[in-house]
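Note sheet for the following structure.
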Amino acid sequence: MNKIERVVACLQHQEADRVPVYPILSGVTRNLIGVDYEKWGNDARVCADALVKAADEFDLDCIVSLVDLSVECEAWGANLVYPENEAAHPDYKNPRIKDLEDYASIKKINWRSGRRMQMHYDVCKILVEEKGHELPIIPFVFGPLGTLSMLRNQQDLYLDIYDDKDAVLAAAREINETLKEYCTDLAKLGVPAIMLDTLFSSGSIMSKDMWLEMEGVLVAELADVIRANNAMVMVHNCGERIYFDAQIKTMKPVAISFLYPPDDCSSFEETKQKYGDQVALIGCVTPSSASPDYASDEQWEKECKKGIDAMAKGGGFMLATGCEYPANAPLDRARKMVEIAKTYGRY
Ligand SMILES: [Zn+2]
């Protein structure tokens with residue numbers, strides 16, 4: 001069974017030869033080719049080379065093109081900082097949106113004017129051309145409210161919703177209209193799926209009703225656009241108590257990549273029982289456990305096996321980290337995870 005067949009079987013809730021596996025190797029792949037974070041996060045050829053090298057060296061079953069969460073916001077003028085050993089992020093002291101009035105300045109744009117969105121598109125294009133025949137290439141796109149939060153900051157955005165919900169929603173809608181065209185062009189590369197990061201759809205950040213009102217309505221439209229362009233919708237959300245029900249209702253994803261059980265389940269077993277026939281489950285190994293500072297080899301192994309025990313039966317499960325593999329951790333545990341999928345994860 002090849003990688004594409006294995007992932008397709010997983011998405012169709014069938015048992016493949018074994019569980020597919022994808023430790024979310026993103027920023028850490030820069031170490032495979034010896035470049036710094038800034039180069040990796042801004043040069044499409046370099047970034048694609050690193051992701052391909054990781055896929056080859058670790059025998060990964062797919063590539064999710066997560067660069068960092070500041071790819072989209074750069075297009076609206078976020079001031080970004082590029083630390084040497086961590087992901088690019090906005091300059092928190094100098095946000096693009098400084099007060100409620102600034103939301104009105106966030107308009108729909110031509111996504112190609114966004115330097116980093118263009119870079120990410122180019123990464124996906126290279127990956128599809130060079131590896132798309134071999135394994136699924138899944139572009140990663142930050143949702144509209146998440147992107148907006150990078151232009152403000154999470155805390156203030158949250159307060160702004162209470163002060164002037166309409167202003168925040170209008171700006172998020174402008175971003176979403178841009179993301180529709182962006183996702184359309186990404187889908188047209190011939191990718192099988194696009195993964196939307198819906199950070200805010202979790203109990204640790206906002207109420208379900210508020211999420212539905214502030215982002216659910218938007219990503220519902222975005223998901224429709226993705227499907228209209230012949231790609232499937234996947235969701236990534238590593239928040240605590242995430243809203244499976246609201247996200248399934250709005251986006252109808254084929255898979256959810258997550259770290260914690262949803263708000264209405266107390267365990268991964270229950271998650272499988274309740275949602276396993278509706279979406280493929282991708283996860284849920286704690287990324288920090290990849291670092292020897294936080295967990296032993298035995299603990300890592302145990303967590304990988306626990307995920308398989310809880311969710312692999314009957315198919316519809318991909319063993320993965322619940323979020324990005326730590327960007328500065330050694331890679332031996334990524335290798336171990338793949339090995340566990342190949343042995344312990346055999347159907
Ligand atoms: Zn995450």
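Data table
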{"quantity": "Tilt relative to the chain, helix 297-311 - C-alpha long axis, 0 to 90 degrees, to 10", "calculated": "80"}
{"quantity": "Charge dipole (region 144-279, unit charges on Cβ, about Cα centre) - positive-most of I242, Y158, G276", "calculated": "G276"}
{"quantity": "Relative packing of peptides 169-180, 220-231, 74-85 - highest average C-beta neighbours within 10 Å first", "calculated": "169-180, 220-231, 74-85"}
{"quantity": "Theoretical gain in end-to-end length, A104 to E57 [0.36 nm per residue, Cα-Cα removed]", "calculated": "12.2 nm"}
{"quantity": "Phi to ³J(HN,Hα) by Karplus 6.51 cos²θ - 1.76 cosθ + 1.60 over region 122-131, Hz, x for Gly, Pro", "calculated": "5, 4, 4, 4, 4, 4, 5, 5, 9, 10"}
{"quantity": "Residue (of Y103, L69, A44) at the positive-pole extreme of the chain, dipole from beta-carbon charges", "calculated": "A44"}
{"quantity": "Dipole of the chain [Lys/Arg +1, Asp/Glu -1 at C-beta], most positive-end residue of G27, Y344, V141", "calculated": "Y344"}
{"quantity": "Residue with peak Gaussian network fluctuation, the chain [Cα springs, cutoff 10 Å], from S289, S105, S149", "calculated": "S105"}
{"quantity": "Principal-axis tilt of helix 332-343 within the chain, Cα atoms, nearest 10 degrees", "calculated": "60"}
{"quantity": "Amide H within-cut-off set for V64, under 5 Å, with H built and near neighbours excluded", "calculated": "I138"}
{"quantity": "Isolated Cys in the chain, by beta carbon distance under 4.7 Å", "calculated": "C10, C47, C62, C73, C124, C183, C265, C284, C304"}
{"quantity": "Net dipole in debye of the chain [+1 Lys, Arg Cβ; -1 Asp, Glu Cβ; about Cα centre; nearest 20]", "calculated": "720"}
{"quantity": "Residue of D91, D49, D61 that the Gaussian network model of the chain assigns the largest fluctuation, springs spanning Cα pairs under 10 Å", "calculated": "D91"}
{"quantity": "Value of relative contact order over region 146-273, rounded to a whole percent, pairs C-alpha under 8 Å and six or more apart", "calculated": "23"}
{"quantity": "For the chain, Kirkwood radius (reciprocal of mean inverse C-alpha pair distance, Å)", "calculated": "20.0"}
{"quantity": "Estimated inter-spin distance, V81 and K39, nm [label 7 Å along Cα→Cβ]", "calculated": "2.3"}
{"quantity": "Gyration tensor (alpha-carbon) shape descriptor, region 1-141, a/c threshold 1.5", "calculated": "prolate"}
{"quantity": "³J(HN,Hα), Karplus 6.51/-1.76/1.60, whole Hz, each residue of region 39-45, x for Gly, Pro", "calculated": "5, 4, x, 9, 10, 4, 5"}
{"quantity": "Hz values of 3J(HN,Hα) by residue in region 200-212 - Karplus curve (6.51, -1.76, 1.60), Gly and Pro given as x", "calculated": "7, 7, 8, x, 7, 10, 8, 5, 4, 4, 5, 4, 4"}
{"quantity": "Among 31-43, 190-202, the order from most to least packed when residues are scored by Cβ within 10 Å on average", "calculated": "190-202, 31-43"}
{"quantity": "Contour excess over end-to-end distance, with Cα ends at T184 and V217 and 0.36 nm allotted per residue", "calculated": "10.1 nm"}
{"quantity": "Alpha-carbon Rg/Rh ratio, for region 269-347, with Rh computed the Kirkwood way", "calculated": "0.98"}
{"quantity": "Filter on K180/K336; K131/K342; K131/K180; K272/K342; K131/K274; K39/K188 - keep pairs with C-alpha separation over 30 Å", "calculated": "K180/K336; K131/K274"}
{"quantity": "Cα gyration tensor, region 74-170 - rounded (a/c under 1.5), prolate or oblate", "calculated": "prolate"}
{"quantity": "Contour minus Cα-Cα distance for H133 and D224 (0.36 nm per residue)", "calculated": "30.2 nm"}
{"quantity": "Built amide H within the under 5 Å cut-off of I242, gap 5+", "calculated": "G203, D263"}
{"quantity": "Residues whose placed amide H lies under 5 Å from that of A193, excluding near-sequence neighbours", "calculated": "M232"}
{"quantity": "Separation in nanometres of the label points that stand 7 Å from Cα toward Cβ, at R346 and D17", "calculated": "1.1"}
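Throughout, read-outs are computed from the coordinates displayed, never taken from laboratory work. This one's a predicted model, so the numbers in the text were calculated from it and none came from an experiment. All Cβ positions, glycine included, derive from the backbone under ideal geometry; neighbour counts span all protein chains shown.
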